[in-house]
1. Using unit Cβ charges (K, R positive; D, E negative) and no other charged atoms, how large, in debye to the nearest 20, is the dipole of the chain about its Cα centre?
2. Once you charge only the Cβ atoms, +1 for Lys and Arg and -1 for Asp and Glu, what is the size of the charge dipole of segment 143-283 about its Cα centre, to the nearest 20 debye?
3. Given the Cα-Cα distance of GLU52 and GLU165 and 0.36 nm per residue of separation, how much length would full extension add, in nm?
4. So for the pair ASN259, GLU89, with labels modelled 7 Å out along Cα→Cβ, what separation do we get in nm?
5. On a C-alpha basis, how far is the centre of segment 83-151 from the centre of segment 20-51 in Å? Whole number, if you could?
6. Once the Cα atoms of segment 80-207 are picked out, what are the Rg and Dmax in Å?
7. Say a paramagnetic label sat at a point 7 Å from the Cα of LYS72, along Cα to Cβ; which residues of segment 102-126 have their backbone N under 14 Å from it?
8. Need the list of lysines near LYS265 for cross-linking: C-alpha distance under 29 angstrom, and skip anything on the same chain fewer than eight residues off.
Amino acid sequence: MVHFKDPFEKMEKEDESRRNLRKPLIAGNWKMNKVLTETIEYALDFKKRVSEVPDVEILICAPFPFLSPLVKTLEDSPIKVGAQDMYWEPHGAFTGAVSAQMLESVGCSHVIIGHSERRHKFGESSEDVNKKTRSALGAYLTPIVCVGETLEERESMRTEEVLREQVTMSLGGQTGEEMLKCVVAYEPVWAIGTGRTATPHQANETQLYVRSLLKEMFGEDVANRTRILYGGSVKPDNVVDLMAEPSIDGVLVGGASLNVESFEKLVKYREITAEEPGDVRDG
Ligand code: PEP
């Protein structure tokens with residue numbers, strides 16, 4: 001049994017083996033926030049701060065009107081740009097909808113699908129999520145497929161049942177090869193925008209369950225190589241402990257990605273010391 005002196009040391013040890021299989025993804029979800037001038041100002045500042053961070057994939061998922069200008073502003077940086085939703089049809093009479101092909105054509109690399117706000121506020125089902133995921137893959141986008149239980153479901157001990165339904169229905173019907181092009185985000189609904197985070201242990205245990213479902217569906221190799229992000233009130237003062245967990249391969253961040261300084265800290269989570277959570281070391 002290995003003992004770790006502090007969370008930072010623990011992270012370094014566990015990170016190494018995980019990193020060989022699954023590169024950490026730090027993704028911001030801006031939701032319905034910012035206007036164009038704020039977007040450009042943020043992007044110009046953010047790319048100066050994080051362009052040199054190694055071994056981490058960085059993504060900003062912005063509202064539709066800002067995707068194209070964001071892609072342009074960030075083109076000389078490693079920061080990728082994604083959307084927060086899409087419709088599964090490629091084109092046609094679907095007023096207000098945006099297709100995967102449109103996202104790809106403006107330079108998006110990723111798209112969030114089935115976020116709990118889409119599922120709960122817009123009535124999106126796991127069948128819808130499945131159609132969107134397959135359509136995103138068809139347009140060479142990386143879908144970030146979100147799953148997660150509500151507080152009521154957790155308290156009535158139905159977390160596993162709910163996740164089984166969401167994972168099997170949202171990701172079913174595709175090949176292992178296709179699955180490897182997807183990212184899964186476990187986001188307990190009770191932790192999103194509430195300031196209440198799942199404990200790192202709780203998140204890891206639940207993500208191990210999600211990984212076991214992927215193993216049932218696609219086999220061990222695909223399950224071990226699929227990235228599963230955690231999302232729900234992630235901040236600079238809890239990211240180190242979350243990222244230390246072996247089944248957490250990155251974070252999907254709402255509120256804390258809106259501020260350029262706090263998102264920089266999350267991207268540089270390896271530099272946060274155990275003694276001073278939230279502070280970034282010099283140099
Ligand atoms: C999210 O939008 O996916 C999210 C996790 O939000 P927050 O970080 O604000 O809880």
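1. Values: 34 positive and 46 negative charges, 104 e Å.
So the magnitude is around 500 debye.
2. Values: 14 positive and 25 negative charges, 51 e Å.
Once rounded to the nearest 20, the dipole reads 240 debye.
3. Values: separation 113, 0.36 × 113 = 40.68 nm, distance 4.00 nm.
Length gained, GLU52 through GLU165: 36.7 nm.
4. Placing both labels 7 Å along Cα→Cβ, they lie 4.3 nm apart.
5. Using only Cα atoms to place each centre, the spacing works out to 20 Å.
6. Cα-based Rg and Dmax for segment 80-207 come out at 14.9, 46 Å.
7. Those under the cut-off are 106-107.
8. LYS5, LYS10, LYS13, LYS23, LYS31, LYS34, LYS47, LYS48, LYS72, LYS80, LYS181, LYS235
Every number here is computed from the coordinates shown, using simple stated rules; none is lab data. Computed from a predicted model, the values in this text were never measured in an experiment. Quick reminder, even Gly has a Cβ in these numbers, built from the backbone with ideal geometry, and neighbours come from all protein chains shown.
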